[in-house]
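A.B. asks: Pasting a structure below so you can have a look.
The values are calculated or read from the model by the stated rules, or taken from the named source; none is laboratory data. Note that the structure is a prediction, hence the values are computed from the model and not measured. All Cβ positions, glycine included, derive from the backbone under ideal geometry; neighbour counts span all protein chains shown.
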(Lines give C-alpha, C1' and ligand atoms only; values in the text may rest on other atoms or scores of the structure.)
Protein backbone atom coordinates (compact mmCIF):
# COMPACT_ATOMS: atom_id res chain seq x y z
CA UNK A 1 0.00 0.00 0.00
CA UNK A 2 1.26 3.45 -0.84
CA UNK A 3 2.23 5.27 2.33
CA UNK A 4 1.28 8.61 0.80
CA UNK A 5 -1.85 7.33 -0.93
CA UNK A 6 -3.43 5.76 2.13
CA UNK A 7 -3.29 8.96 4.21
CA UNK A 8 -6.59 10.86 4.05
CA UNK A 9 -6.52 14.54 3.05
CA UNK A 10 -7.91 16.66 5.89
CA UNK A 11 -9.98 19.61 4.74
CA UNK A 12 -9.47 22.90 6.61
CA UNK A 13 -12.45 25.08 7.45
CA UNK A 14 -13.87 26.92 4.47
CA UNK A 15 -12.73 24.32 1.90
CA UNK A 16 -15.36 22.31 0.04
CA UNK A 17 -14.88 19.27 -2.22
CA UNK A 18 -17.28 18.05 -4.90
CA UNK A 19 -16.76 14.75 -6.71
CA UNK A 20 -18.70 14.19 -9.94
CA UNK A 21 -17.60 11.10 -11.80
CA UNK A 22 -13.85 11.45 -12.31
CA UNK A 23 -13.78 15.22 -11.68
CA UNK A 24 -12.65 16.45 -8.26
CA UNK A 25 -13.49 20.14 -7.65
CA UNK A 26 -12.01 21.93 -4.63
CA UNK A 27 -13.12 25.44 -3.66
CA UNK A 28 -11.95 27.65 -0.83
CA UNK A 29 -11.35 31.24 0.22
CA UNK A 30 -8.63 31.86 -2.42
CA UNK A 31 -10.42 30.31 -5.40
CA UNK A 32 -11.36 26.98 -6.93
CA UNK A 33 -9.52 24.21 -8.80
CA UNK A 34 -10.67 21.05 -10.52
CA UNK A 35 -8.88 17.91 -11.74
CA UNK A 36 -9.86 14.68 -13.48
CA UNK A 37 -8.33 11.72 -11.68
CA UNK A 38 -7.05 8.78 -13.76
CA UNK A 39 -8.69 5.38 -14.09
CA UNK A 40 -7.65 2.86 -11.46
CA UNK A 41 -8.16 5.12 -8.44
CA UNK A 42 -11.33 6.10 -6.61
CA UNK A 43 -11.77 9.35 -4.68
CA UNK A 44 -14.30 9.53 -1.85
CA UNK A 45 -15.34 12.43 0.38
CA UNK A 46 -16.23 11.70 4.02
CA UNK A 47 -18.42 14.58 5.15
CA UNK A 48 -18.49 13.57 8.82
CA UNK A 49 -14.72 13.47 9.26
CA UNK A 50 -14.25 16.25 6.67
CA UNK A 51 -11.60 14.23 4.80
CA UNK A 52 -10.97 12.98 1.27
CA UNK A 53 -9.57 9.49 0.76
CA UNK A 54 -8.09 7.85 -2.32
CA UNK A 55 -8.19 4.09 -2.97
CA UNK A 56 -6.88 2.05 -5.87
CA UNK A 57 -8.58 -0.70 -7.84
CA UNK A 58 -5.73 -3.25 -7.85
CA UNK A 59 -2.03 -3.74 -7.20
CA UNK A 60 -1.06 -3.23 -10.83
CA UNK A 61 2.06 -1.05 -11.08
CA UNK A 62 0.22 1.76 -12.86
CA UNK A 63 -2.57 1.84 -10.24
CA UNK A 64 -0.01 1.92 -7.44
CA UNK A 65 1.73 4.87 -9.10
CA UNK A 66 -1.56 6.73 -9.61
CA UNK A 67 -2.59 6.10 -5.98
CA UNK A 68 0.05 8.31 -4.35
CA UNK A 69 0.01 10.83 -7.18
CA UNK A 70 -3.76 11.36 -6.97
CA UNK A 71 -3.63 11.89 -3.20
CA UNK A 72 -0.71 14.35 -3.53
CA UNK A 73 -2.43 16.38 -6.26
CA UNK A 74 -5.66 16.61 -4.26
CA UNK A 75 -3.69 17.70 -1.19
CA UNK A 76 -1.91 20.36 -3.30
CA UNK A 77 -5.30 21.66 -4.50
CA UNK A 78 -6.59 21.86 -0.91
CA UNK A 79 -3.50 23.78 0.24
CA UNK A 80 -3.70 26.05 -2.82
CA UNK A 81 -7.32 27.15 -2.29
CA UNK A 82 -6.84 27.62 1.45
CA UNK A 83 -3.32 29.11 1.78
CA UNK A 84 -1.90 29.53 -1.74
CA UNK A 85 1.66 29.01 -2.95
CA UNK A 86 4.50 31.52 -3.06
CA UNK A 87 7.89 31.16 -4.76
CA UNK A 88 10.44 33.91 -4.02
CA UNK A 89 13.25 34.79 -6.43
CA UNK A 90 16.34 36.98 -6.14
CA UNK A 91 18.27 38.64 -8.97
CA UNK A 92 21.98 39.19 -8.28
CA UNK A 93 24.24 41.37 -10.42
CA UNK A 94 25.17 45.00 -10.93
CA UNK A 95 22.50 46.65 -13.06
CA UNK A 96 20.25 43.58 -12.96
CA UNK A 97 16.60 44.13 -12.09
CA UNK A 98 12.96 43.60 -12.95
CA UNK A 99 9.84 45.63 -13.62
CA UNK A 100 6.19 45.10 -14.52
CA UNK A 101 4.55 46.27 -17.74
CA UNK A 102 0.88 45.31 -17.81
CA UNK A 103 0.54 41.51 -17.62
CA UNK A 104 4.23 40.93 -18.35
CA UNK A 105 7.43 40.79 -16.35
CA UNK A 106 10.48 42.59 -17.78
CA UNK A 107 13.88 41.27 -16.71
CA UNK A 108 17.12 43.20 -17.18
CA UNK A 109 19.82 40.58 -16.65
CA UNK A 110 22.88 41.60 -18.67
CA UNK A 111 21.64 41.01 -22.22
CA UNK A 112 21.55 43.75 -24.85
CA UNK A 113 17.77 43.76 -24.45
CA UNK A 114 15.30 43.20 -21.64
CA UNK A 115 13.51 39.85 -21.55
CA UNK A 116 9.70 40.01 -21.36
CA UNK A 117 7.72 37.08 -19.91
CA UNK A 118 3.93 36.95 -20.09
CA UNK A 119 2.40 36.22 -16.69
CA UNK A 120 -0.09 33.31 -16.92
CA UNK A 121 -3.66 33.57 -15.62
CA UNK A 122 -3.99 32.82 -11.91
CA UNK A 123 -0.42 33.92 -11.13
CA UNK A 124 0.47 37.17 -9.39
CA UNK A 125 3.96 38.66 -9.41
CA UNK A 126 4.97 41.13 -6.69
CA UNK A 127 8.23 43.05 -6.98
CA UNK A 128 9.66 43.76 -3.52
CA UNK A 129 12.99 45.36 -4.59
CA UNK A 130 13.00 46.44 -8.27
CA UNK A 131 16.74 46.76 -9.00
CA UNK A 132 19.90 45.28 -7.54
CA UNK A 133 22.14 47.75 -5.73
CA UNK A 134 25.52 46.13 -6.23
CA UNK A 135 26.04 42.47 -5.44
CA UNK A 136 25.05 42.81 -1.79
CA UNK A 137 21.33 43.61 -2.10
CA UNK A 138 19.58 41.64 -4.84
CA UNK A 139 16.40 42.55 -6.67
CA UNK A 140 13.56 40.50 -5.16
CA UNK A 141 10.25 39.29 -6.53
CA UNK A 142 7.66 36.73 -5.51
CA UNK A 143 5.42 34.55 -7.67
CA UNK A 144 2.14 33.51 -6.02
CA UNK A 145 -1.06 31.71 -6.93
CA UNK A 146 -3.34 28.81 -6.00
CA UNK A 147 -2.10 26.23 -8.52
CA UNK A 148 1.22 24.77 -7.36
CA UNK A 149 2.20 23.53 -10.81
CA UNK A 150 1.57 26.86 -12.58
CA UNK A 151 3.37 28.87 -9.87
CA UNK A 152 6.38 26.55 -9.93
CA UNK A 153 6.53 26.44 -13.72
CA UNK A 154 6.45 30.24 -14.09
CA UNK A 155 9.06 30.70 -11.34
CA UNK A 156 11.28 28.20 -13.15
CA UNK A 157 10.81 29.97 -16.49
CA UNK A 158 11.92 33.23 -14.81
CA UNK A 159 14.99 31.46 -13.39
CA UNK A 160 15.80 29.91 -16.80
CA UNK A 161 16.30 33.40 -18.30
CA UNK A 162 19.66 33.73 -16.52
CA UNK A 163 21.00 30.92 -14.33
CA UNK A 164 23.50 31.99 -11.66
CA UNK A 165 27.06 31.71 -12.90
CA UNK A 166 29.58 30.05 -10.54
CA UNK A 167 32.30 32.74 -10.46
CA UNK A 168 30.52 35.88 -9.28
CA UNK A 169 27.06 34.40 -8.62
CA UNK A 170 25.30 36.79 -11.00
CA UNK A 171 21.90 35.62 -12.21
CA UNK A 172 18.43 34.64 -10.97
CA UNK A 173 18.05 32.21 -8.08
CA UNK A 174 15.40 31.05 -5.65
CA UNK A 175 15.44 32.76 -2.24
CA UNK A 176 17.74 30.80 0.05
CA UNK A 177 19.35 28.83 -2.79
CA UNK A 178 23.07 28.26 -2.29
CA UNK A 179 25.30 28.54 -5.37
CA UNK A 180 28.50 26.52 -5.47
CA UNK A 181 31.15 29.11 -6.22
CA UNK A 182 34.39 28.49 -8.13
CA UNK A 183 37.68 30.26 -7.39
CA UNK A 184 38.48 31.27 -10.97
CA UNK A 185 41.95 31.72 -12.34
CA UNK A 186 44.66 32.58 -9.83
CA UNK A 187 47.12 35.32 -10.69
CA UNK A 188 50.24 33.66 -12.16
CA UNK A 189 52.68 36.15 -10.66
CA UNK A 190 55.26 38.58 -12.03
CA UNK A 191 57.75 35.92 -13.21
CA UNK A 192 55.42 34.45 -15.85
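A.B. asks: Of all the residues that make up the range 10-23, how many are assigned to a strand (DSSP E or B) and closer than 18 Å to residue 65 by Cβ?
C.D. replies: Adding up the residues that qualify gives 0.
A.B. asks: Given the conditions (1) more than 21 Å from the chain's Cα centre (by Cα); (2) touching a residue at least 24 places away in the same chain (Cβ under 8 Å), which single one is not true for residue 32?
C.D. replies: (1)
Residues checked against (1) exposed (fewer than 14 other Cβ atoms within 10 Å of the Cβ); (2) within 30 Å of residue 184 (Cα to Cα):
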{"residue": "89", "(1), (2)": "no, yes"}
{"residue": "101", "(1), (2)": "yes, no"}
{"residue": "110", "(1), (2)": "yes, yes"}
{"residue": "140", "(1), (2)": "no, yes"}
{"residue": "146", "(1), (2)": "no, no"}
{"residue": "149", "(1), (2)": "yes, no"}
{"residue": "155", "(1), (2)": "no, yes"}
{"residue": "160", "(1), (2)": "yes, yes"}
{"residue": "168", "(1), (2)": "no, yes"}
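A.B. asks: If residue 58 satisfies all but one of (1) surrounded by fewer than 13 Cβ atoms within 10 Å (Cβ to Cβ); (2) not assigned by TED's automatic domain parsing to the domain that holds residue 17, what's the number of the condition it fails?
C.D. replies: Among (1) surrounded by fewer than 13 Cβ atoms within 10 Å (Cβ to Cβ); (2) not assigned by TED's automatic domain parsing to the domain that holds residue 17, the lone unmet condition for residue 58 is (2).
A.B. asks: Got at least one residue in the range 57-64 being touching a helix residue (DSSP H, G or I) at 6+ places or on another chain (Cβ under 7 Å) and either within 24 Å of residue 123 (Cα to Cα) or in a helix (DSSP H, G or I) (or both)?
C.D. replies: No, there is no match, as no residue in the range 57-64 is touching a helix residue (DSSP H, G or I) at 6+ places or on another chain (Cβ under 7 Å) and either within 24 Å of residue 123 (Cα to Cα) or in a helix (DSSP H, G or I) (or both).
A.B. asks: Here is a further query. State all residues of the range 101-124 that are within 20 Å of the chain's Cα centre (by Cα) and assigned to a strand (DSSP E or B); if no residue qualifies, say none.
C.D. replies: Answer for the range 101-124, where residues must be within 20 Å of the chain's Cα centre (by Cα) and assigned to a strand (DSSP E or B): 104, 105, 106, 107, 116, 117, 118, 123, 124.
A.B. asks: With the requirement that a residue be more than 25 Å from residue 149 (Cα to Cα), touching a strand residue (DSSP E or B) at 6+ places or on another chain (Cβ under 6 Å) and in contact (Cβ under 8 Å) with a residue 40 or more places away in the chain, what does the range 98-134 give you?
C.D. replies: Within the range 98-134, 132 is the sole residue that qualifies.
A.B. asks: Then there is this: Could you give every pair whose Cβ atoms fall below 6 Å, whose first residue belongs to the range 5-18 and is within 14 Å of residue 76 (Cβ to Cβ), and whose second residue is part of a loop (DSSP other than H, G, I, E, B), counting only separations of at least 6 or pairs across chains?
C.D. replies: 11/50
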